[in-house]
Amino acid sequence: MSIRSAHWGWIPLSLVAANAVAADPPAPAPPPVPAPEVAPAPPLEPQPTPPVAATPPAASPATSAASPTPSEAERQKLEAEFQQALSGSDKPASEPAPSSPAPAGAVAPSALRLIDIAFDALGAAGTSTANENDLRKLEAGGHDPKNRGFTVQNVELTLSGVVDPYLRGDSNIVLQIDETGETVIELEEAYLTTLDLPFNLQLKAGQFFTSFGRLNPSHPHTWDFVDQPVINSRLFGPDGLRSQGAQLAWLTPLPFFAELTASVQNAHGETTTSFRNVPGETVAGRVLIERPVESAKDLLYLLRLRTSFDPTEELTLVPGLSALFGPNASGTQTQTQIYGADLYAKWKPLINDQGWPFLAWQTEAMLRRYQAAEVVADSGAAVEPAALLDDYGLYSQLLWGFARPWVAGVRYDYARGEADEFTLPDGSYSSARDPLRDQRHRFAAVVSYYPSEFSKLRLQYNYDHAQFLSQEDAHSVYLQFEILFGAHGAHKF
Amino acid sequence: MTRYLIRLFAALSTLLVLAAVGSDARAADPLNVVATLSDFGKIAEAVGGDKVRVTTIASGVQDPHFVDPKPSYVLKLRDADLFLVNGLELEIGWVPPLLEGARNGRVKPGSPGYVDCSKNIPVLEVPSGQVTRAEGDVHPYGNPHYTTDPLNDKIVADTIADALSLLRPADAEYFATRKKAFQTGIDKALFGAELVDLVGGKKLDRLARSGELDAFLQSESSGGAKLSTKLGGWLAQMAPLKGAKVVFFHKSYSYFNQRFGLNVADYVELKPGIQPGPSHLADVVSTIRRENIKVVATHPFYDEKIAKLVAEKGGAQLVPLPLNVGGVKGADDILSFFNVTTSTLLKAAGK
């Protein structure tokens, strides 16, 4: 889903990190200048680059003074001196830094790339005709804007690196400020990925987003809208479906792209809302119970097939199918199944201006079948028999990068639970009054502006129609902003 | 339902494994070479001949910085024996996800099948001191567009021949012969056949790189005539443009400009990857007028509207140049790339 899968030249933070960790003995790191306005290199001056000797430089990166010939080195030193004399006014900013990056003409020294660090902050400002209490039910996603005023949606620290020839590691640490003003820290993801398994296999293990569909495994700063689709919030909870476990993904040897993924993860906790969510929470008015793992059936299983076709050089289709099986905590034997189909289609002309223009269409449809256990009153008599609750929905969005660096988009959201009415010990339940199961329509329109790959400004309008709302309609407007600095993880297509 | 689906999954897997076994014909010749960019694909074809089957990921008309990591490219890499990349972080936005998706140990960085073609290239414009993104899209390892110097393409041919010979030692001689022919072809096209025969390509290459070629050709003579009269090829054709001031859109031709002595007075892009502002564009226009610049060079994938406006306002000609082989019509291989580039520039400058 990379509307900006394009690259903008990434200065590897690892360089800095590498220098810090594996400090080059002959190159005492210059004292970190307290970030003065680093005089931007004057890129406009055509630098009369010195002609370069043909001899391929010795492949010894340690001695960066290994200039081809001594006279060449002398000449470059001289030039550096001239340059400093010429630049006159700015004395400290342009330190010649003789042992740092190689001078033009030498092969760039290799740097030990130990860790990539990135920091991303996503915030929103906005308001809605719905009051704040209702707004938090309309925008049920954990990263959705849910205040009249400002919302810190997601502040994320990403650390990743290659562990050894066999493994790489990734982690995402998320900070949020919740409605009470409390700062929450979450280990969103921390997992290893194998680099060298045979038979086109890849293993992932740790805490990670379940690979269901397209949106669930993605991070908020890569989303094309300010908020997540209604159906995602309903089936996967505020934070998305993620848990601890292992996943095996196989790139099939077929003549077209087809990847089969299977995973097994723990099915309990607040990040698995459709499964063994936290005891005391409710689903369709039924209070969830403690349900320990008794057999392999009490874990969460995923199957996913993702394929891709290029009908033309400029059009790519990525269809996928997903299925989830796991226990739920409404009873001791109850199960949940979730099925999904997704399609991503992107058109981008071969001759494009840094990724623009493009047209990207993404749709996901999902169905959850939730076996709700019978409800038993204190007397022991069954109040309400067991039921199969069906919830379904879809979203469909079209993004149009009409002119660099602008992207406009629309999204339609639909979600509903089968109309269900129960009599429960503490009153009656109706799906129409349940903000997580009522019938919902949402229409969203968005415009995003990307000053660079590393920042964005976004304006979105939402029209909501929700059964649970007393006046049924709500209009909301949000302004979102993002900054990202540090290394940048690769975009997915 | 669950059990049924699992059974279906198992059946499907079995089917796919059978398909895999049936279609595994990779052990046979030729070597499957995948190149990120057309330039490396063409050089690999020149060196590898019929012992290689070459696939290129990005076509020559594309901006190599901005390629989507499409799943179909993962498939190409899955089956590759040799993977040729430009390096210097040019493809950092799209090669890492492709490599990770391909799960192909033969072309993993560190394996003999992963070849960074920037190896042994004398890199230009390596930033010194501190670099931040305040300067835009700065390539921390230096300018990555080194294939725009024909002499660098000879180094790439060496690199590719070495890699092929490592994978197929039995064919090493075949690759060496073809590489030599390719390199001689470049020398003759650059310096002229007569001069190459007189002096030798190796020596000319060395002199051109050290900047001593002109002095050498002036001082030496052969058969009563100064060697400078024997200079032919692109260098002789481009001689009228030596020292000429031009405006470029992006720092994409630094190697070319060094080789042929073009002098870039300004860039349309103030900071790489950041849209230029109007005041900078006005500056560029006044530079063009003040310096009487004839050529505003761009690539077809850059914003034509802005480049055109700058050229028009300044009274210069907008010249679309290829960045890689296939970038414009007629630039179909390494030699024709430079034929097209040099003749386009000469025509635009009225020489």
Look at B:GLY142 and say whether it is touching a Leu at 6+ places or on another chain (Cβ under 7 Å) and closer than 20 Å to B:ALA176 by Cβ.
-> no
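Just for segment B:298-330: of the residues that are among the charged types (D, E, K, R) and within 12 Å of chain A (Cβ to nearest Cβ), which one is nearest to B:THR36 (Cα to Cα)? Quick ask: steps written out before the conclusion?
The first filter runs over segment B:298-330 and keeps only residues among the charged types (D, E, K, R), leaving B:303-305, B:308, B:312-313, B:329.
Now restrict to residues that are within 12 Å of chain A (Cβ to nearest Cβ): B:303-305.
Numbers: B:ASP303: 23, B:GLU304: 25, B:LYS305: 29 Å.
Filtering segment B:298-330 for residues that are among the charged types (D, E, K, R) and within 12 Å of chain A (Cβ to nearest Cβ), the one nearest to B:THR36 (Cα to Cα) comes out as B:ASP303.
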Given B:PHE260, B:PHE248, B:PHE256, which one is crowded, with 21+ Cβ neighbours inside 10 Å, in contact with a Ser or Thr (Cβ under 6 Å, 6 or more places away or on another chain) and either at negative phi or acidic (Asp, Glu) (or both)?
-> B:PHE256
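Just checking, which of A:GLU290, A:GLU294, A:GLU313, A:GLU270 is among the charged types (D, E, K, R) and without any contact (Cβ under 8 Å) to a residue 24 or more places away in the chain?
A:GLU294
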For segment A:222-238, state whether one or more residues are surrounded by fewer than 19 Cβ atoms within 10 Å (Cβ to Cβ), in contact (Cβ under 8 Å) with a residue 60 or more places away in the chain, under 16 Å from the mean Cα position of the chain (by Cα) and within 14 Å of another protein chain (Cβ to nearest Cβ).
-> yes
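Which of the residues belonging to segment A:395-435 are assigned to a strand (DSSP E or B) and of a type in the set (Asp, Glu)? Outline the logic, then answer.
The initial filter retains those residues of segment A:395-435 that are assigned to a strand (DSSP E or B), namely A:395-403, A:406-417, A:421-424, A:427-430.
Once the filter is applied, which keeps residues that are assigned to a strand (DSSP E or B) and of a type in the set (Asp, Glu), segment A:395-435 yields A:ASP413, A:GLU421.
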Result of the Cβ filter at 7 Å on segment B:182-202, keeping first residues that are polar (S, T, N, Q) and partners that are assigned to a helix (DSSP H, G or I), at least 6 apart or interchain, is B:GLN183/B:LYS154; B:GLN183/B:ALA157; B:GLN183/B:GLY201; B:THR184/B:GLY201
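Tell me the residue from B:ILE160, B:ILE121, B:ILE155 that is part of a loop (DSSP other than H, G, I, E, B), within 20 Å of B:GLY41 (Cβ to Cβ) and of a type outside the set (Ser, Thr, Tyr), please. First the steps, then the outcome.
Details: B:ILE160 fails: part of a loop (DSSP other than H, G, I, E, B); B:ILE155 fails: part of a loop (DSSP other than H, G, I, E, B).
Just one listed residue meets the conditions, B:ILE121.
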Could you tell me whether any residue of segment A:192-211 is within 14 Å of another protein chain (Cβ to nearest Cβ), under 28 Å from A:ARG437 (Cβ atoms) and touching a residue at least 60 places away in the same chain (Cβ under 8 Å)?
-> yes
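Within 14 Å of another protein chain (Cβ to nearest Cβ), in contact with a strand residue (DSSP E or B) (Cβ under 9 Å, 6 or more places away or on another chain) and crowded, with 18+ Cβ neighbours inside 10 Å - does that describe any residue in segment A:428-437? Walk me through it before giving the result.
Just the residues of segment A:428-437 that are within 14 Å of another protein chain (Cβ to nearest Cβ), to begin with: none.
No, there is no match, as no residue in segment A:428-437 is within 14 Å of another protein chain (Cβ to nearest Cβ), in contact with a strand residue (DSSP E or B) (Cβ under 9 Å, 6 or more places away or on another chain) and crowded, with 18+ Cβ neighbours inside 10 Å.
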Residue set B:VAL115, B:VAL54; condition under 16 Å from B:LEU37 (Cβ atoms), out of contact with any Gly (no Cβ under 6 Å at 6 or more places or on another chain) and not in a loop (DSSP other than H, G, I, E, B); output residue B:VAL115
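If you check A:SER110, A:SER160, which single one turns out to be within 14 Å of another protein chain (Cβ to nearest Cβ), assigned to a strand (DSSP E or B) and either modelled with pLDDT under 95 or crowded, with 19+ Cβ neighbours inside 10 Å (or both)?
Numbers: A:SER110 fails: assigned to a strand (DSSP E or B).
The conditions single out A:SER160.
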Given the conditions (1) closer than 23 Å to B:ILE186 by Cβ; (2) touching a helix residue (DSSP H, G or I) at 6+ places or on another chain (Cβ under 8 Å); (3) within 14 Å of chain A (Cβ to nearest Cβ), which single one is not true for B:GLN258?
-> (2)
Got at least one residue in segment B:164-175 being modelled with pLDDT of 95 or more, under 30 Å from B:PHE66 (Cβ atoms) and in contact with a helix residue (DSSP H, G or I) (Cβ under 9 Å, 6 or more places away or on another chain)?
-> yes
Restricting attention to segment B:124-152, report how many residues are within 7 Å of chain A (Cβ to nearest Cβ), part of a helix (DSSP H, G or I) and of a type in the set (A, V, I, L, M).
-> 1
Those residues of segment B:250-262 which are at pLDDT 95 or above and not small (Gly, Ala, Ser) amount to B:TYR253, B:TYR255, B:PHE256, B:ASN257, B:GLN258, B:ARG259, B:PHE260, B:LEU262
So, of the residues in segment B:105-153 that are touching a residue at least 60 places away in the same chain (Cβ under 8 Å) and in contact with a strand residue (DSSP E or B) (Cβ under 9 Å, 6 or more places away or on another chain), which turns out to be surrounded by the fewest Cβ atoms within 10 Å (Cβ to Cβ)?
-> B:GLY136
Pick out the one residue from B:LEU190, B:LEU90 that is crowded, with 21+ Cβ neighbours inside 10 Å, within 14 Å of chain A (Cβ to nearest Cβ) and not in a loop (DSSP other than H, G, I, E, B).
-> B:LEU190
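May I ask you to verify whether A:GLN333 is crowded, with 17+ Cβ neighbours inside 10 Å and either farther than 25 Å from A:ALA419 by Cα or within 14 Å of chain B (Cβ to nearest Cβ) (or both)?
Numbers: crowded, with 17+ Cβ neighbours inside 10 Å: no; either farther than 25 Å from A:ALA419 by Cα or within 14 Å of chain B (Cβ to nearest Cβ) (or both): yes.
It is false that A:GLN333 is crowded, with 17+ Cβ neighbours inside 10 Å and either farther than 25 Å from A:ALA419 by Cα or within 14 Å of chain B (Cβ to nearest Cβ) (or both).
The rows are residues; the columns are (1) of a type in the set (A, V, I, L, M, F, W, C); (2) under 30 Å from B:ARG78 (Cα atoms).
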position	(1), (2)
A:ASP170	no, yes
A:THR180	no, no
A:THR183	no, no
A:GLU189	no, yes
A:LEU192	yes, yes
A:THR210	no, yes
A:GLY240	no, no
Scanning for something touching a helix residue (DSSP H, G or I) at 6+ places or on another chain (Cβ under 7 Å), at pLDDT below 95, within 12 Å of chain A (Cβ to nearest Cβ) and within 30 Å of A:SER452 (Cβ to Cβ), does segment B:61-68 turn up at least one residue?
-> no
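Would you confirm whether any residue within segment A:164-183 is within 14 Å of another protein chain (Cβ to nearest Cβ), small (Gly, Ala, Ser) and part of a strand (DSSP E or B)?
Initially, segment A:164-183 is screened for residues within 14 Å of another protein chain (Cβ to nearest Cβ), giving A:164-170.
Among the residues that remain, those that are also small (Gly, Ala, Ser) are: A:169.
In the following step, the residues that additionally are part of a strand (DSSP E or B) were identified as A:169.
Scanning segment A:164-183 turns up at least one residue that is within 14 Å of another protein chain (Cβ to nearest Cβ), small (Gly, Ala, Ser) and part of a strand (DSSP E or B).
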Here are some conditions: (1) at pLDDT below 95; (2) surrounded by fewer than 19 Cβ atoms within 10 Å (Cβ to Cβ). A:SER171 meets all but one. Which one does it not meet?
-> (1)
Among A:ALA403, A:ALA419, A:ALA415, the single one that is surrounded by fewer than 18 Cβ atoms within 10 Å (Cβ to Cβ), touching a helix residue (DSSP H, G or I) at 6+ places or on another chain (Cβ under 8 Å) and either within 24 Å of A:GLU132 (Cβ to Cβ) or among the small types (Gly, Ala, Ser) (or both) is A:ALA419
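Condition first: small (Gly, Ala, Ser) and part of a loop (DSSP other than H, G, I, E, B). Now tell me which residues in segment B:218-276 satisfy that. Quick ask: steps written out before the conclusion?
Step one: of segment B:218-276, the residues small (Gly, Ala, Ser) are B:219, B:221-225, B:228, B:232-233, B:236, B:239, B:243-244, B:252, B:254, B:261, B:265, B:273.
Those that are small (Gly, Ala, Ser) and part of a loop (DSSP other than H, G, I, E, B): B:GLY223, B:GLY224, B:GLY232, B:GLY243, B:ALA244, B:SER252, B:GLY261, B:GLY273.
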Index of the failed condition, B:VAL115 passing every other in (1) at the interface with chain A (Cβ under 8 Å from one of its Cβ atoms); (2) closer than 23 Å to A:LEU195 by Cα | (1)
Only one of A:VAL278, A:VAL264 is assigned to a loop (DSSP other than H, G, I, E, B) and not basic (Lys, Arg); which?
-> A:VAL278
Considering each residue of segment B:39-84, count those that are among the polar types (S, T, N, Q) and buried (at least 22 other Cβ atoms within 10 Å of the Cβ), and give that number.
-> 2
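The values are calculated or read from the model by the stated rules, or taken from the named source; none is laboratory data. Here the structure is a predicted model, which means the values were calculated and not measured. Positions of Cβ are backbone-derived with ideal geometry, glycine not excepted, and every protein chain shown enters the neighbour counts.
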